[in-house]
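All remarks here apply to the structure that follows.
The values are calculated or read from the model by the stated rules, or taken from the named source; none is laboratory data. For clarity, every value in this text was computed on a predicted model and none was experimentally measured. Cβ: placed from backbone, ideal geometry, glycine included. Neighbour counts: every protein chain shown.
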Amino acid sequence: MTWIVFAVAAGIVWLWWRWQEGILARRREAAVRRAEFGKNPMDLPSGERTRGLLDEIAVYYREMTDVSGDAQTDPVTWNDLEMDEVFLRVNHTRSYIGEQVLFRRLHAGPAREDIGNEERLEEKIAFFMKEEAARESMEMSLARIGKRREDYYLPVFLGNAKSLKVEHLWLYRALQLLLAGSFLTGMLSQNPVCLAVFIGTALVNAALYAVSREKYEVYLYALGSVKELLRFCRKLTEDPEWMRRFGTERLVQAVGSLKKMEHLIGSFQVKKAGVLTGDVMELLRDYVIGATLWDITLFQRIINLIDGKQESLNVLYETAGEADMAVSVASFRRSVPQYCIPVFADGGGVCAKGLYHPLLREPVCNDIILERGCMITGANASGKSTFIKALAVNAILAQTIHTCTAETFCMPRMQVLTSMAVRDDIVSGESYYIREAGYLKRIVTAASGPARVFCLIDEILRGTNTGERLAASEAVCRYLAVRNCIAVVATHDPELAESVRDLYDCYHFKSEIRGSDICFDYKIYRGLGVNRNAVRILAYMGFPGEIVEMAERLCGPDGEVDQPAEFQTGK
């Protein structure tokens, strides 16, 4: 009796200890979440790991683009603006689903039904910025979904469930019936023939199971991901506060229609998880049960349910992903020196105050008003390219995550197209000029369409001789100026800017020579800047004096006109 009491007491103490350990673990996890919120994700230990998962993160975008065909930010613009780096800077998500939904959002923009209805996203972001306890609870729930590398391929699994169906299922059913029938008949009649049939059928079934199990065990993690997604969304619908803020009637219907799937996946996964440990007894038990072919028919039932519930699963995926994305954007806002909620105005131009690039740790802010196209001139390394990238990136962020790195930002809804990082393509045999002309052609085509375009071009047509470059560049700029387009063109050619001043406003960046140093203030100024510093940079980099002196003689004197670009429409 004493030993029984001691055993019961020890069991109670062990359960209490495990309970306390769980509480402490959750507290430590909450403390980590609290400390990481509002930090630059690339400064956290998980930052570089995420960079290594970009291909996997893009899986959902690729799968959905094949279905919907939407791509607001085309590949050229994405690469020009280094949007992978922008994604990594914004990404504070806790689940692979959140990462994939955020990545797709930056590419494709909001769903068509959500365009013009940013209040829904804004309400979630504001809630997470204000309610710390609720945010930490949401982060911990999302973290249980996790970021296992295998899980990122769940969209492929869901989209191709039909191809995973077990072939010749009737044969497996027949073998199951033969196994059960021979066993019962043999046990009741003690007929050795029936027992022999039972043993032979069991061996055949075990062999079939050994061959078939490899096909569906590859998708074990995917099934586990589906279960975690179902569990998260079911908890969402059961909490009145979460349901009020994040739930929809479609979500409730989707969760209700998938209850049976959650149960089936749970029973399948628990059994198979033991096998993956490599335990001998678990493997033996797996094959004994496998001889009944129960797992194969169960897997088929799960696949049938998935194949018929694609729309419901997509609702769950988007719901969980948008909640995670809202937490991420809230953290991004907290982590930057300054942000604003963009204002969308029908017609009109682009107006920005205190604008800066989100990837800069110590940014210089600038103001600009674009009521029509503008030409930006300036010396090398003075800030032209960074500024137009800041304009383009913020135009994308405004229309995707409803957040800009600026004091104020106002724009109409526009497609953002760029032509910046042009390179020769040795494989295809395309020269620099051919590729640049192709990039510009897509902008010209888009500007001729019904949708308004915000195009940003860095060093237009620099891949050819001076005379033809200036002539072709002026022709392209004049064409864009009278189309459904706002064009921002950065150029080293003040001659080009001067030639189109009747259609474009002029801005410039400047540099200042102080002794042997070249100084930049990275501020944008109104007017046409004519100062150059290419020769001075040669001297600064230590080129032989003979080269520098000859270049100065050939270049001739510089001139410059500097007028501060104030935040007003007057020239």
Scan of segment 363-382 for residues that are more than 15 Å from LEU528 (Cβ to Cβ) and modelled with pLDDT of 90 or more, ordered by number = PRO363, VAL364, CYS365, ASN366, ASP367, ILE368, ILE369, LEU370, GLU371, ARG372
Name the one entry in ARG105, ARG89, ARG49, ARG62 that is among the charged types (D, E, K, R) and within 9 Å of the chain's Cα centre (by Cα).
-> ARG105
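Picking from LYS162, LYS147, LYS124, which residue would you name as being assigned to a helix (DSSP H, G or I), surrounded by 14 or more Cβ atoms within 10 Å (Cβ to Cβ) and among the basic types (Lys, Arg)? Even if it seems obvious, please write down each step before you answer.
Working: LYS162 fails: surrounded by 14 or more Cβ atoms within 10 Å (Cβ to Cβ); LYS147 fails: assigned to a helix (DSSP H, G or I).
Just a single option satisfies the conditions, and that option is LYS124.
Return yes when VAL489 is among the β-branched types (Val, Ile, Thr), more than 30 Å from ARG120 (Cα to Cα), in the same structural domain as CYS351 (by TED's automatic domain parsing) and modelled with pLDDT under 90 and no when it is not.
Here the answer is no, as VAL489 does not meet what is asked.
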Among the residues of segment 346-374, write down those that are more than 18 Å from ALA490 (Cβ to Cβ), charged (D, E, K, R) and touching an Asp or Glu at 6+ places or on another chain (Cβ under 7 Å).
-> LYS353
Does any residue of segment 467-479 turn out to be part of a loop (DSSP other than H, G, I, E, B) and of a type outside the set (Val, Ile, Thr)?
-> no
So which of GLU132, GLU167 is free of Cβ contacts under 8 Å to residues at least 12 places away in the same chain and surrounded by fewer than 15 Cβ atoms within 10 Å (Cβ to Cβ)?
-> GLU167
For residues in segment 424-441 being surrounded by fewer than 18 Cβ atoms within 10 Å (Cβ to Cβ) and touching a helix residue (DSSP H, G or I) at 6+ places or on another chain (Cβ under 7 Å), which is modelled with the highest pLDDT?
-> ASP425
Can you find a residue in segment 505-523 that is part of a strand (DSSP E or B), touching a residue at least 12 places away in the same chain (Cβ under 8 Å), surrounded by 15 or more Cβ atoms within 10 Å (Cβ to Cβ) and polar (S, T, N, Q)?
-> yes
From the set of residues in segment 442-489 that are among the hydroxyl-bearing types (Ser, Thr, Tyr) and within 33 Å of the chain's Cα centre (by Cα), which is surrounded by the most Cβ atoms within 10 Å (Cβ to Cβ)?
-> SER448
Picking from VAL336, VAL329, VAL350, which residue would you name as being more than 19 Å from VAL86 (Cα to Cα), among the β-branched types (Val, Ile, Thr) and within 26 Å of the chain's Cα centre (by Cα)?
-> VAL350
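Looking at this structure, is GLU63 at pLDDT 90 or above, assigned to a helix (DSSP H, G or I) and on the phi < 0 side of the Ramachandran plot?
Here the answer is no, as GLU63 does not meet what is asked.
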Residues within segment 165-186 that are touching a helix residue (DSSP H, G or I) at 6+ places or on another chain (Cβ under 6 Å) and either among the acidic types (Asp, Glu) or not in a helix (DSSP H, G or I) (or both), tallied = 2
Candidates GLY98, GLY109 - the one that is in contact (Cβ under 8 Å) with a residue 12 or more places away in the chain and more than 21 Å from ARG51 (Cβ to Cβ) | GLY109
